[in-house]
Every structure is written in structure tokens, then in C-alpha cells.
Amino acid sequence: MLPIEIFSRVSTQWRVGAGGPIGLDYNVVYQELQREALMPEKHDEVMAGIRIIERAALAHMQQH
């Protein structure tokens, strides 16, 4: 699945605030999407998947 693949590529690219990670650096995510040469309508679908993974990862990191 492309959202999982892209998330794994950018999984070290977190924006960090005083309390820890706050979200992925979307500039890097968008660069990876461009490398995939996706049709524009596919971008929204892939980004939705990445955001779901991102929220789950943030929830997990905040537990520890």
C-alpha cells in the first residue's frame, strides 16, 4: 500500500515541539508524493492514508 510505503520513507521526518513530536514534516511527504508521479486525484487518497498512520503513530509515541 502506497501510504504505508511513503510513511516508512518519511518516518524520521517529524516536526517537534516542546512536548515532543507534533506531526510529520509535510514538505518531505509532498516530495515523496511527487517522486511517485501520481495522478492529482490520487494524492488526496494517499494523503488520507498517511494522516491515519500519522495519528496512530503520534498516539503511540505520546503513550510512552
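Tabulated values for the structure
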quantity	calculated
Value of [θ]222 nm, deg cm²/dmol, for the chain, DSSP H segments ≥ 4, -39500 (n - 2.57) each, nearest 500	-22000 deg cm²/dmol
Amide H contacts under 5 Å for Leu24, placed H, 5+ residues apart	Arg15
Semi-axis lengths (Å, descending) of the ellipsoid that matches the C-alpha gyration tensor of the chain	22, 12, 9
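Readers should treat all values here as calculations from the given coordinates under stated rules, not as data from a laboratory. Model, not experiment: these values are computed from the prediction.
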